[in-house]
Amino acid sequence: MIEVKHTSFEECLQRLMTSLEASLYEEATSQLSDLHTAEIARLLEAIPPKDRAQLWANIDTGTQGDILKDLSEKVRAQLLSEMAVDSIVEALEVLDMDDLADIVPDLPESALHNLLLTLDYKHRDHLKRVLSYPEDSAGGLMNIDIITVRDDVTVRTVIRYLRLLKEMPIDTDQVFVVDRAYKYLGSIHISTLLTNEAEQHIAPLINKNLHPIVADMPENEVANLFERRDLISAPVVDKNKQLIGRITIDDVVDVIRDEAEHSVMSMAGLDEEEDVFAPVMQSTKRRSIWLGVNLITVFIAVFFIGLFEATLQEKIALAILMPVVASMGGIAGTQTLILVTRGIATGRVTTSNLKVLMNKEVAIGFLNGIVWSLVISAATYAWFADFTLSLVIALAVIVNLIFAAFAGAILPSLLHKFKIDPALAGGVILTTITDVIGFVAFLGLATLVS
């Protein structure tokens, strides 16, 4: 019995770092030999630029192309800048057109020129077609390596044609049927071809329920479509309904992963393509912008606190309890914000059902406000033995949780309408709103009853 031992990424990285720290670059390179190119790409992103460059120079050029397609843009750009033009061309010659299209924008002009010279007319035309669409669209995502047949042939003819190809494109689960003008008519699963008589005409076997994806459809909508329909591949057509390519599940998985990284990183004002080991000054400049925005929002909150300076001086307990009200609103609002932002991204939340969702979230905010205001007011009374203060903080918590739910529900829709990424700007704006509402409600009520 053969024992299969799986080595975790952390173990691979630890061994690699040990070799690199000892300047054993040949040994470090040998550790990569049995790994998948995607795993090598991940390891390269996890090591400092100096070691990354040294290790990259020792990797076989034939393998570099497959690694480059899995790297983040920043790391890929660094490695390409350190390669000779001939090496770049040699590394990229092995890639499919859709993968090559992703890398082309990062190429030096001289390398791009030489690379185009190595492509025949058909592949140059294919690359030009893919590049004519935005990177984040179905056209930019598609693979032009497709198998097409006409609807007036038999199963025998199609199977003979497939055998003549010797090798089918990766993730080929179906062939696409087109007419003489190359307009999409439908598809036939490979399993359907194998389970029908050789003399059977394919016209009755065509699956017309697989609707094509229009080339200008945004990639996040493509991902949602694959998720809803459990697709492995799907045809892509242009505005004239002509078949121009296909999208496969491996490309959609990359989109889903990138969206997840974007959502997480954007909430901190960071770029998902950011190199973990980017130079200190470069990273400092990028993060300073976000810190500056945050500082402005903090001063807005401080301004409203300053309006109640006299009240704060009279009762120090108010200053102690202020963060409680703001924090409760911030957490409640963030829960709604993330829920609605994700709903918009997946197409589950639109203007048609936003009002219903908003009413639900406000109701949740009200009920949570009632429950937690009782808890907080009891704790306040036990601490300060002040019934009025307990009542004030209870009312402030209820008000803030209601406003937090409303703001968390409406903000993503408003930002989306103005073409602003809710994941990037929503958190900062929401925090400002909940802080201001919380402070004004708490300190305002305290001023009225004092």
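The values are calculated or read from the model by the stated rules, or taken from the named source; none is laboratory data. Model, not experiment: these values are computed from the prediction. With ideal geometry, Cβ positions are generated from the backbone for all residues, glycine too; neighbour counts draw on all protein chains shown. These accessible areas exclude ligands, DNA and RNA; they are computed on the full protein's heavy atoms, side chains included. Shrake-Rupley method; radii C 1.70, N 1.55, O 1.52, S 1.80 Å.
Let's see how each residue does on (1) under 23 Å from E219 (Cα atoms); (2) surrounded by 15 or more Cβ atoms within 10 Å (Cβ to Cβ):
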{"residue": "A57", "(1), (2)": "no, no"}
{"residue": "G65", "(1), (2)": "no, yes"}
{"residue": "Q78", "(1), (2)": "no, yes"}
{"residue": "S81", "(1), (2)": "no, no"}
{"residue": "L95", "(1), (2)": "yes, yes"}
{"residue": "L100", "(1), (2)": "yes, yes"}
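Take the residues in segment 163-178 that are open to solvent by 50 Å² or more (accessible area, probe 1.4 Å) and in contact (Cβ under 8 Å) with a residue 24 or more places away in the chain; name whichever of them is nearest to D96 (Cα to Cα). Steps first, please.
Quick first cut of segment 163-178, residues open to solvent by 50 Å² or more (accessible area, probe 1.4 Å) only: 163-168, 170-171.
Checking which are in contact (Cβ under 8 Å) with a residue 24 or more places away in the chain leaves us with 170-171.
Working: I170: 10, D171: 13 Å.
Applying the filter and picking the extreme gives I170.
List the pairs whose first member sits in segment 187-200 and is on the phi < 0 side of the Ramachandran plot, whose second member is assigned to a helix (DSSP H, G or I) and open to solvent by 30 Å² or more (accessible area, probe 1.4 Å), and whose Cβ atoms are under 7 Å apart, counting only residues at least 6 apart or on separate chains?
I188/L205; T192/L205; L193/I159; N196/L205; A198/R156; E199/R156
Filter segment 378-420 down to residues that are of a type in the set (D, E, K, R) and over 25 Å from I364 (Cβ atoms) and give me whichever is most open to solvent (accessible area, probe 1.4 Å).
Looking at residues that are of a type in the set (D, E, K, R) and over 25 Å from I364 (Cβ atoms), I get K419.
Please find, among F299, F277, F303, the residue that is among the aromatic types (F, W, Y) and either more than 26 Å from I433 (Cα to Cα) or at pLDDT below 80 (or both). Even if it seems obvious, please write down each step before you answer.
On the way: F299 fails: either more than 26 Å from I433 (Cα to Cα) or at pLDDT below 80 (or both); F303 fails: either more than 26 Å from I433 (Cα to Cα) or at pLDDT below 80 (or both).
The unique qualifying residue is F277.
Does E82 fit the bill of being of a type in the set (D, E) and in contact with a helix residue (DSSP H, G or I) (Cβ under 8 Å, 6 or more places away or on another chain)?
Working: of a type in the set (D, E): yes; in contact with a helix residue (DSSP H, G or I) (Cβ under 8 Å, 6 or more places away or on another chain): yes.
Yes; evaluated as a whole, the condition is true for this residue.
Do the conditions hold for A326, that is, is it more than 27 Å from the chain's Cα centre (by Cα) and over 28 Å from L424 (Cβ atoms)? Give the derivation first.
Values: more than 27 Å from the chain's Cα centre (by Cα): yes; over 28 Å from L424 (Cβ atoms): no.
So A326 fails the test.
Inside segment 86-156, counting only helices (runs of 4 or more DSSP H) that do not spill past its ends, which hold 1 or more residues that are touching a strand residue (DSSP E or B) at 6+ places or on another chain (Cβ under 8 Å) and either farther than 30 Å from K183 by Cα or charged (D, E, K, R) (or both)? Before you say what the answer is, go through the steps one by one.
Working: elements: 97-103, 109-118, 121-131, 138-141.
Where helices (runs of 4 or more DSSP H) fall fully within segment 86-156 and carry at least 1 residues being touching a strand residue (DSSP E or B) at 6+ places or on another chain (Cβ under 8 Å) and either farther than 30 Å from K183 by Cα or charged (D, E, K, R) (or both), they are 97-103, 121-131.
Within segment 183-239, take every residue that is surrounded by 15 or more Cβ atoms within 10 Å (Cβ to Cβ) and of a type in the set (S, T, Y) and give me the one that is farthest from V149 (Cα to Cα).
Step by step, filter segment 183-239, then rank; the result is S233.
Give me the pairs, please: first residue somewhere in segment 345-358 and under 16 Å from Q335 (Cβ atoms), second residue anywhere and modelled with pLDDT of 85 or more and open to solvent by 60 Å² or more (accessible area, probe 1.4 Å), beta-carbon distance under 8 Å, and either six or more positions apart or on two chains.
M358/F406
Is segment 136-145 home to any residue that is open to solvent by 50 Å² or more (accessible area, probe 1.4 Å), out of contact with any Pro (no Cβ under 8 Å at 6 or more places or on another chain) and within 19 Å of T248 (Cα to Cα)?
Our first condition is that a residue be open to solvent by 50 Å² or more (accessible area, probe 1.4 Å); within segment 136-145, this holds for 136, 145.
Filter once more, so that each one left must be out of contact with any Pro (no Cβ under 8 Å at 6 or more places or on another chain): none.
There is no residue in segment 136-145 that is open to solvent by 50 Å² or more (accessible area, probe 1.4 Å), out of contact with any Pro (no Cβ under 8 Å at 6 or more places or on another chain) and within 19 Å of T248 (Cα to Cα).
Identify all residues within segment 157-171 that are hydrophobic (A, V, I, L, M, F, W, C) and either part of a helix (DSSP H, G or I) or modelled with pLDDT of 85 or more (or both); write none if there are none. Give the derivation first.
Applying the first criterion (hydrophobic (A, V, I, L, M, F, W, C)) to segment 157-171 yields 158-159, 162, 164-165, 168, 170.
V158, I159, L162, L164, L165, M168, listed by residue number.
Contact list please: Cβ distance under 7 Å, first residue in segment 397-424 and farther than 15 Å from I331 by Cα, second residue part of a helix (DSSP H, G or I) and open to solvent by 70 Å² or more (accessible area, probe 1.4 Å), pairs at least six apart or on different chains.
That search, which allows pairs on different chains as well, returns P422/H416.
Can you tell me which residue in segment 334-369 is modelled with the highest pLDDT, limited to those that are over 16 Å from L415 (Cβ atoms) and not in a helix (DSSP H, G or I)?
Restricting to residues being over 16 Å from L415 (Cβ atoms) and not in a helix (DSSP H, G or I), the top hit is N353.
Which of the residues spanning segment 383-440 are aromatic (F, W, Y) and either more than 23 Å from L357 (Cβ to Cβ) or outside any helix (DSSP H, G or I) (or both)? Walk me through it before giving the result.
Step one: list which residues in segment 383-440 are aromatic (F, W, Y), which gives 383-384, 387, 403, 406, 418, 439.
If the condition is that a residue be aromatic (F, W, Y) and either more than 23 Å from L357 (Cβ to Cβ) or outside any helix (DSSP H, G or I) (or both), then W383, F384, F387, F418, F439 are the ones that fit.
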